[in-house]
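The block underneath contains the structure these notes are about, expressed in structure tokens.
Derivation of every value follows stated rules applied to the coordinates shown; laboratory data play no part. Just so it is clear, the model here is predicted, and its values are computed rather than measured. Cβ atoms come from the backbone with ideal geometry, glycine included; neighbour counts cover every protein chain shown.
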Amino acid sequence: MPILSRENYWILETDHTAYALGVNARGLLVHAYWGARLPYAADYPTPPAADDYASFSGFGHLSPEEYPGYAGAKYTEPCLKTTFADGVRDAVLRFDGAEASAGANPALRIILRDVHYPLTIVLGYRVHERHDLIERWAEIRNDGDAPVMLERAWSALWHLPWGGQYRLTHLFGRWMEEWQIRRELLQPGVKVKESRRLTTSHNANPWFALDRGGADETQGEVWFGVLAWSGNWKLAAEVTDYGATRVGIGVNDWDFAWRLNAGETFTTPASVAGYTIGGFGAASRTLHDFARDRLPHGKTLHPVLYNSWEAVFFDVNEAAQMAVAERAAQMGVELFVMDDGWFHGRTIDNAGLGDWWPDEQKFPNGLTPLIERVNALGMDFGLWIEPEMVNPDSDLYRTHPDWVIHFPTRARTEMRNQLILNLGRTDVQDYLIARLDKLLAEHNIKFIKWDMNRNVSEPGWPDAPGDARELWVRYVQGVYRVWSTLAQRHPQVLWQSCSGGGGRVDYGMLQMVDQFWVSDNTEATARLGIQEGFSQLMPAITMESQVTHMGRPLMSLPFRFHVSMMGVLGISDDLRKWSEADLVTGAELIALYKEIRPIVQLGNQYRLLPAQGQGFTAVQYVSKDKAAGVLFVFRVHIPEPARLPPIYLQGLEPEARYAIDGFDAVRSGAAWMHLGLRFDLGNGESTVRRIRRVA
Ligand code: GLA
């Protein structure tokens, strides 16, 4: 039974974990347990009740409330902050009922109500049994006649077991250097991670992992989670004055307001979290499996692609694209993607965004002749778009200058010569749906790379229907509406989310997209670390990775391929300049990739040796049935004459026997996992080894 309920007490059980909550003696809905699944229902603790402590800490401050409203003598981070029409600024929430539903993912809905005002909070809990994850969200409903202002409406507060000092693992970075991993011990107070940029951001990601200092890649307790939201978000990891640790997560309350009119409901994005004793590696694999099951095309293998950007930038035209396409097809590429530069008026980055039809000079006969020739070579065709943006030098902006995000009295700050369309507006949404629907309906397009190349400034919305600060949320809802409408109408399209690289990678995107462009940094050695950070929360099947010529010194072609073969392989380079020998090498490595692709894209990933800050790294993938695996080893730079450390494999069947490319012996999985493999690689060298179960 995934949801066990006794009187006002619920235990949510997944295959290996459990989460318990209940109503305490004070009538508060409080957290009771999160950790390993226990043998008997009676094992789980009862909901804790707290008393006031001295005159400085009220019971609300001391109780581990599941969804605290700001009210009473409470000074820790609440989930909900409201102002009622009469000016009262707190929300006194009490339990008012619950209902559980069965089904594939059993759900629990707990109802809280304000004790005075007609405000209802429904807390949703969905149990992902097989994935060992709990999903939470909140629905805030105004049952009264007067509007209520929401000033904070988070998705969840995740309470960690009491005791010990927790260590927070989080991600930070910037454009070209996303996905850097940091671990730090939490101190009393609040550690905040957030985005104020309108998108998820390159700078931090709404993902967390907490341990009590003892976890590593292979073992230890880890509590981890994500927020499924693609806009401003906030994570507050708080250690209270009485030593309780909790993580609040949700839409950012910075510059946020939402006018909840009579009868309206505000539904928060979901937060999904889990617990494991298998360390950071198991935490990642748990999320990988969950993400793969959410992808629109997560069960099918993703194609090897070619992308024009790093080859010719804006200089796309039919003749040059065809010359490259022929070589790409010969090498075994399956999908040919034309990046930026193809649409009306687009010769460089100062014009064209907004006018999503083929440039009349570059493509006088439209895109169809190129698409047909690409198809005749046996490849699918894909296209780059950046729908949320507009250049002032575009027909769209000349017609609708009021459609961009702006304050009327302020200059409109351009970045990369572009402004942001206000996707909170339904007229903007409808325009984009119509325009892009036409593009997709009239062409045989199988892949779209949807880009978003700047962050917000002057976040104004003149004539907003509600509070102008609703922009932060309505914009993201608008993006979801446009994108998912197009995705539903064109199910043959594989969508990729890009935002100048990894600026919009999150679980909110997964309802539409199958892939992410992880970083504009394609230099292979930097990429090893970037990919390692990305893999903390997303599976390899979502990670498009391209072989380019970025970086000096340029790593060897096989090294660059090996790095990119750890995700969805792509190439973005001017193939007209490749030697015959390079084309042969490329073809061989694409063939090898196609052989190992099911393991990489659909299997389990093991980060055997860390990449970030290290000169020697290894990653292994194992098929779900453990019959096959593949090992990638990279030596970036280690001063001579150091001996490389052994590599201990993971995830094999201990008793089964395996053969590994380049090793004569056939050994048990246990032996390969405990003996350690030695490789004789020089600086700048890499190797890929297939692992096969032989008996
Ligand atoms: C962004 C993307 C790149 C490329 C360019 C095109 O920077 O991240 O991959 O598509 O835009 O302008």
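Between Arg576 and Asn417, 0.36 nm times their residue separation minus their Cα-Cα distance comes to what?
Stretched fully, the Arg576-Asn417 segment lengthens by 54.1 nm.
Measure off 7 Å from each Cα along the Cα-to-Cβ vector at Arg643 and Arg183, then give the distance between these two points in nanometres to one decimal.
Placing both labels 7 Å along Cα→Cβ, they lie 2.6 nm apart.
Checking the cross-link filter: which lysines have an alpha carbon closer than 21 Å to that of Lys74, excluding same-chain neighbours under 8 positions apart?
Lys191, Lys234
Any lysines with Cα under 25 Å of the Lys438 Cα? List them, leaving off those in the same chain fewer than 8 positions away.
Lys362, Lys446, Lys449
Provide the gained length on full extension for the span Ala376 to Thr347, in nm with one decimal, where the gain is 0.36 nm per separating residue minus the Cα-Cα distance.
Stretched fully, the Ala376-Thr347 segment lengthens by 7.7 nm.
Quick one: check the C-alpha center-to-center distance for the stretch 113-180 versus the stretch 354-406, whole angstrom.
39 Å
Rounded if a/c is under 1.5, else prolate if a/b is larger than b/c, else oblate: which is the stretch 161-201, with a ≥ b ≥ c the root eigenvalues of its Cα gyration tensor?
Prolate.
Kirkwood Rh, Cα Rg: Rg to Rh for the stretch 609-693?
That ratio equals 0.98.
Per residue, how much space in cubic angstrom lies within the convex hull of the C-alpha atoms of the stretch 242-367?
Hull volume normalised by residue count: 285 Å³.
Expressed as a rounded percentage, what relative contact order does the stretch 609-693 have, with Cα pairs under 8 Å and six or more residues apart?
Relative contact order, the stretch 609-693: 35 percent.
Using the alpha-carbon centroid of each, what span in Å lies between the stretch 428-454 and the stretch 28-104?
The stretch 428-454 and the stretch 28-104 have Cα centres spaced 44 Å from each other.
Given the peptides 370-382, 332-344, arrange them by the average over their residues of other C-beta atoms within 10 Å, most packed first.
332-344, 370-382
Just to verify a number: FRET efficiency for Ala587 and Gln488, C-beta to C-beta distance, R0 = 51 Å, to 0.05?
After rounding to 0.05, the efficiency reads 0.85.
Place a label point 7 angstrom from the Cα of His297 along the Cα-to-Cβ direction, then list the residues of the stretch 509-553 whose backbone nitrogen is under 19 Å away.
Counting only backbone N, you get 509-518, 539-547.
Got the relative contact order for the stretch 3-294 handy, in percent, Cα pairs under 8 Å and 6 or more residues apart?
Contact order relative to length: 16 percent.
Checking understanding here: applying a Kyte-Doolittle mean of at least 0.0 and a length along the axis of at least 27 Å (C-alpha), which whole DSSP H helices in the chain pass?
Counting only whole DSSP H runs, the qualifying helices are 580-602.
Under the rule of -39500 (n - 2.57) per DSSP H run of 4 or more residues, summed and divided by the residues of the chain, what mean residue ellipticity at 222 nm is obtained, to the nearest 500 deg cm²/dmol?
Estimated from H runs of four or more residues: -6000 deg cm²/dmol.
Which value in nm describes the separation of the simple spin-label points at Ala665 and Asn105, placed 7 Å from the Cα toward the beta carbon?
In this crude label model, Ala665 to Asn105 measures out at 4.5 nm.
Sort all Cα-Cα distances of the chain into consecutive 20 angstrom bins from zero, then give the percent of pairs in each bin up to the one containing the longest distance.
For the chain, the pair-distance distribution reads 17, 48, 30, 4, 0.
Which aspartates and glutamates have a Cα less than 19 Å from the Cα of Lys193, not counting those fewer than 8 places away in the same chain?
Partners found: Glu77, Glu151, Glu177, Glu178, Glu184, Asp211, Glu238, Asp253, Asp255, Asp506.
Over every pair of different alpha-carbon atoms in the stretch 37-142, take the mean of 1/r and invert it; report that Kirkwood radius in Å.
Roughly 15.8 Å, rounded to one decimal.
Principal axis lengths of the stretch 3-294 from Cα atoms, whole Å, largest first?
Sorted largest first, the three principal extents are 53, 49, 45 Å.
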